[in-house]
């Protein structure tokens with residue numbers, strides 16, 4: 001990347017989809033740029049409105065080592081080309097040399113065609129898939145009884161997703177993941193939980 005500020009999600013190398021099972025990028029969580037042989041430097045993420053006002057609002061942009069980035073749009077939109085990747089990121093300053101960006105991304109898997117298709121969804125998460133599929137199937141029945149069954153399947157799906165999230169996030173790393181909160185956050189903030197007690 002040299003002299004360019006905007007990069008499409010389709011430019012992110014996720015490997016060969018036939019072997020990784022990854023179709024494309026939906027969202028970017030963090031970016032580092034490579035330094036030297038093994039080094040990396042963290043780039044500050046910005047919201048798009050902030051980045052647009054303070055970084056893009058510059059008639060004479062300077063070149064340098066990119067230190068900030070913002071996501072514009074999200075991925076997985078139907079572009080009509082089959083790639084399904086319409087999201088972009090902007091970096092600032094405008095790169096003055098060629099830099100390799102290492103992105104921590106949220107991706108979506110390739111469509112399952114047969115039993116030989118690579119499964120990109122890791123174990124424990126796959127346990128939730130049948131319940132979500134059943135939820136969709138029953139919701140399409142447009143029958144009150146079936147829709148009530150659908151909500152039961154959705155609740156089971158939610159339980160399996162929570163189980164997978166807890167299993168994949170060690171407690172020491174809980175702040176590294178957006179999906180997992182600190183279970184002791186309420187006491188740390190001195191938030192009192194309501195207790196369902198009776199009168200005396």
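Just give me the residues in the stretch 107-130 being farther than 25 Å from residue 155 by Cβ and under 18 Å from the mean Cα position of the chain (by Cα), in sequence order.
107, 110, 120, listed by residue number.
I want to confirm something. Restricting to the stretch 17-50 and keeping residues that are closer than 18 Å to residue 75 by Cβ and either out of contact with any strand residue (DSSP E or B) (no Cβ under 8 Å at 6 or more places or on another chain) or part of a helix (DSSP H, G or I) (or both), which single residue is modelled with the lowest pLDDT?
17
Any residue at all in the stretch 91-108 that's in contact with a helix residue (DSSP H, G or I) (Cβ under 6 Å, 6 or more places away or on another chain) and either modelled with pLDDT of 85 or more or part of a strand (DSSP E or B) (or both)?
No, because not a single residue in the stretch 91-108 is in contact with a helix residue (DSSP H, G or I) (Cβ under 6 Å, 6 or more places away or on another chain) and either modelled with pLDDT of 85 or more or part of a strand (DSSP E or B) (or both).
Is the stretch 4-16 home to any residue that is at positive phi, exposed (fewer than 13 other Cβ atoms within 10 Å of the Cβ), over 23 Å from the mean Cα position of the chain (by Cα) and not in a helix (DSSP H, G or I)?
Within the stretch 4-16, none of the residues are at positive phi, exposed (fewer than 13 other Cβ atoms within 10 Å of the Cβ), over 23 Å from the mean Cα position of the chain (by Cα) and not in a helix (DSSP H, G or I).
Taking the conditions exactly as written (under 14 Å from residue 91 (Cα atoms), within 20 Å of the chain's Cα centre (by Cα) and either surrounded by 14 or more Cβ atoms within 10 Å (Cβ to Cβ) or without any contact (Cβ under 8 Å) to a residue 24 or more places away in the chain (or both)), does residue 69 satisfy them or not?
Here the answer is yes, as residue 69 does meet what is asked.
The values are calculated or read from the model by the stated rules, or taken from the named source; none is laboratory data. For clarity, every value in this text was computed on a predicted model and none was experimentally measured. Positions of Cβ are generated from backbone atoms using ideal geometry, with glycine treated the same way; all protein chains shown enter the neighbour counts.
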